[in-house]
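Since the structure comes first, as structure tokens, the remarks are kept for the end.
The values are calculated or read from the model by the stated rules, or taken from the named source; none is laboratory data. This is a predicted model, so every value here is computed, not measured. Reconstructed Cβ throughout: ideal geometry from the backbone, glycine too, with neighbour counts over all protein chains shown. Note: areas computed on protein heavy atoms with side chains; ligands, DNA, RNA excluded. Shrake-Rupley method; radii C 1.70, N 1.55, O 1.52, S 1.80 Å.
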Amino acid sequence: MGRKPRHSGAMHVVTNTIRRGDREYVSHLLRRSFREGGKVKKETLANLSHLPEEAIDAIRRALRGEVLVAADEAFAIERSLPAGHVQAALVMARRLELGRLLDRAPSRERDLCLAMIIQQALRPGSKLAAARAFGQSTLGSELAVTGVDEDDLYAALDWLLERQARIEDRLARRHLKDGELVLYDVSSSYFEGRSRPLARLGYSRDQRRGTPQIVYGLLCDRPGRPIAIEVFSGELHDDKTLPAQIEKLTQRFGLRTVVVVCDRGMVTKANLERMADTEGVGWITALKAPQIKKLVTSGALQLSLFDEHNLAEIEAPEDYPGERLIVCRNPLVAADRARTREDLLQATERGLQQIADRVERGTLAGADQIGLAVGPALKRYRVKKHFDVEITDSSLNFRRKTEQIKAEAALDGFYVLRTSVPAEMLPSAEVVRSYKGLEQVERAFGTFKGPELEIRPIHHRLQDRVRAHVLLCMLAYYLTWHLKQAWAPLLFADEQPPTAPDPVAKAARSPSAQRKAQTKRTTTGEPCHSYRSLIAELATMTRNTIRLTGASATFDKLAEPTPLQARAVDLAATAPVTA
């Protein structure tokens, strides 16, 4: 009789483990089970032990009937949206209770305004650009504002402006207490076009002469957090904006005592009288150059006292009754001003000499024509007051006013602060430090106008929309300020700026901040960033919408953060804040 044929059977992978002493041996065999003569038999087809674990697992799954496909065919990424920067900003916004700051009750308008504030802090632009940008990151889906248009955002701006007073009141309750130091300064931003009711010609801090502008005044607490902002017509002088702030501090915010630190441009007799007549209001400001010269002329300020000292308190009861005058001298500023003055004088002399050469050659004649050429040359570098000029029909002579220049140079580096705050409340050194705190407001204006917030160009035409846009930028700065504080270990910022024993001396950076600047690395070895570059780095952490092969459903998965991204989000979630 012939042998019965074998029936093809199932193949499978068998794993055998044998222990001999302290050693363990593992083998993977490809085997086949089959029937022969009514009996089940097994046959080893191959030894798979030399293959990688992944290959053995793939063979085992294939033999079980699973359909294996290549990794790039298993799923499709339908969309990838920047998410890391949104995640960090939302974490900070929620810690600050930014939504409740806008309004206690949840609403569609509140979500839209919160989205605009965060968008302005992440990637500023027009409201049309913001409406489109909501769908270009995870911000739109996180706040459920995807699909809105610019008209929705304009309506939300109107809603926001109606709540400005309440928002500022809440900020004041958070950050201002009786006796608090309040910083106040003004700036301006220009418009393109002329069809804006608030836009007027005025002194342009943007160096855009002939362009209409608005003026806005910003109140900050001592560390530099924004508390309130007010928009004024573009032609209004700085000092005209101060009375409204005094009323705001004392009436709306209900502060019984407050010290206002403001620039010398705010100081007028009327403003000082108003503050003096307002109970509980003290002030710190500075004298202007002519006032300092008058102190020297009257003998109240003796410059020889500062040969060895750079800080002294003097009295001038006839001119400044009831006030303290703190005189400061910074040698570094004095040297810088001396160099600058000499450069300007030499540049003016070169221009005048060129005109004198033309007169001598006979190519320029007549006192009137020579005068027309000399005028712009004298004014160009703003040192006209330091030159004597003699013009005839056939000559041009000029010389420096040496004695006048020496008298001005003697005051280089000097500045005089004036305050109504008594010494027992604020010693001289603290008065100086308090006045220097105005740099916090200047820093805010730099952020407003720089690439971080881009308050300009202003795209709105209606007066209320302009005011709402400026308020929106202030709230975006409030968020940005706290993010920068939290991210200080990752930025070039000084994490622990030292308090110099000499308040007049130039501020020095801490050794760790100097190392950051030199190595471009943080104290933990990560690359140092600016605020804007860190936002860009965080934006590379994406949220991916994934669809499996053969399925219609999708799911979202956040990309694994890099160590830097993880730390930035963690700092936003854990760094101390005052909310």
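Side notes on the structure shown:
- Sub-8 Å Cβ pairs linking a first residue in segment 333-350 that is touching a residue at least 40 places away in the same chain (Cβ under 8 Å) and closer than 11 Å to VAL383 by Cα to a second residue that is of a type in the set (A, V, I, L, M) and in a helix (DSSP H, G or I), at least 6 apart or interchain, are ARG341/ILE405; ARG341/ALA409; LEU345/ILE405, ordered by first then second residue.
- Restricted to segment 385-426, the set of strands (runs of 3 or more DSSP E) holding at least 3 residues that are closer than 30 Å to ALA276 by Cα comprises 414-419.
- Any chance LEU564 is out of contact with any strand residue (DSSP E or B) (no Cβ under 7 Å at 6 or more places or on another chain), more than 22 Å from VAL441 (Cβ to Cβ), touching a residue at least 40 places away in the same chain (Cβ under 8 Å) and aliphatic (A, V, I, L, M): yes
- Extreme residue, modelled with the lowest pLDDT, among residues of segment 279-305 that are open to solvent by less than 60 Å² (accessible area, probe 1.4 Å) and over 38 Å from the mean Cα position of the chain (by Cα): LEU303
- Answer residue from segment 429-476, given it is of a type in the set (Asp, Glu) and in contact (Cβ under 8 Å) with a residue 12 or more places away in the chain and is nearest to ALA121 (Cα to Cα) among those: GLU452
- One residue stands out among those in segment 306-318 that are of a type outside the set (A, V, I, L, M) and at pLDDT 85 or above: the one that is most open to solvent (accessible area, probe 1.4 Å), which is GLU318.
- Filter result for LEU236 (touching a Pro at 6+ places or on another chain (Cβ under 7 Å), over 30 Å from MET425 (Cβ atoms) and surrounded by fewer than 20 Cβ atoms within 10 Å (Cβ to Cβ)): no
- Where THR257 falls short, out of the listed (1) open to solvent by 30 Å² or more (accessible area, probe 1.4 Å); (2) polar (S, T, N, Q); (3) free of Cβ contacts under 8 Å to residues at least 60 places away in the same chain: (3)
- Some residue of segment 342-363 being open to solvent by 60 Å² or more (accessible area, probe 1.4 Å) and closer than 18 Å to ASP412 by Cα: yes
- Scope segment 422-445; condition open to solvent by 10 Å² or more (accessible area, probe 1.4 Å) and among the aliphatic types (A, V, I, L, M); matching residues: ALA423, MET425, LEU426, ALA429, LEU438
- Boolean, LEU201 is of a type outside the set (D, E, K, R) and under 22 Å from GLU279 (Cα atoms): no
- Residues of segment 387-399 classified as open to solvent by less than 70 Å² (accessible area, probe 1.4 Å) and either of a type in the set (Val, Ile, Thr) or out of contact with any Leu (no Cβ under 6 Å at 6 or more places or on another chain) (or both), total: 7
- Test: residue in segment 447-460 that is modelled with pLDDT of 90 or more, open to solvent by 10 Å² or more (accessible area, probe 1.4 Å) and assigned to a helix (DSSP H, G or I): no
- Here segment 141-164 is the region considered, the condition is being small (Gly, Ala, Ser) and modelled with pLDDT under 95, and the residue that is farthest from the chain's Cα centre (by Cα) is GLY147.
- Residues (over 30 Å from the mean Cα position of the chain (by Cα) and either under 22 Å from PRO427 (Cβ atoms) or open to solvent by 20 Å² or more (accessible area, probe 1.4 Å) (or both)) located in segment 260-272: THR268, LYS269, ALA270, LEU272
- For segment 198-228, a tally of residues being in contact with a Phe, Trp or Tyr (Cβ under 6 Å, 6 or more places away or on another chain), over 17 Å from GLU439 (Cβ atoms) and open to solvent by less than 40 Å² (accessible area, probe 1.4 Å) returns 6.
- For segment 255-268, a residue qualifies if it is more than 16 Å from GLY282 (Cβ to Cβ) and either at pLDDT 90 or above or part of a helix (DSSP H, G or I) (or both), and the qualifying residues are ARG264, GLY265.
Rundown of residues vs (1) farther than 27 Å from GLY84 by Cα; (2) crowded, with 18+ Cβ neighbours inside 10 Å, yes/no style:
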| site | (1), (2) |
| --- | --- |
| GLN119 | no, yes |
| GLN136 | no, no |
| SER141 | no, no |
| VAL148 | no, yes |
| LEU157 | no, yes |
| ARG173 | yes, no |
| LEU176 | yes, yes |
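- Failed criterion for THR419 (all others in (1) in contact with a helix residue (DSSP H, G or I) (Cβ under 7 Å, 6 or more places away or on another chain); (2) modelled with pLDDT under 90; (3) within 24 Å of THR268 (Cα to Cα) hold): (2)
- The single residue among ASP178, ASP151, ASP206 that is touching a helix residue (DSSP H, G or I) at 6+ places or on another chain (Cβ under 8 Å), charged (D, E, K, R) and either outside any strand (DSSP E or B) or under 24 Å from PHE232 (Cα atoms) (or both) turns out to be ASP206.
- Qualifying residue in segment 181-192 (condition: crowded, with 22+ Cβ neighbours inside 10 Å, acidic (Asp, Glu) and either within 19 Å of the chain's Cα centre (by Cα) or within 18 Å of ASP263 (Cβ to Cβ) (or both)): yes
- Test for ARG337: is it assigned to a helix (DSSP H, G or I), open to solvent by 50 Å² or more (accessible area, probe 1.4 Å), closer than 26 Å to GLY265 by Cβ and at pLDDT 90 or above: yes
- Per-region count, segment 547-579, residues at pLDDT 85 or above and among the hydrophobic types (A, V, I, L, M, F, W, C): 10
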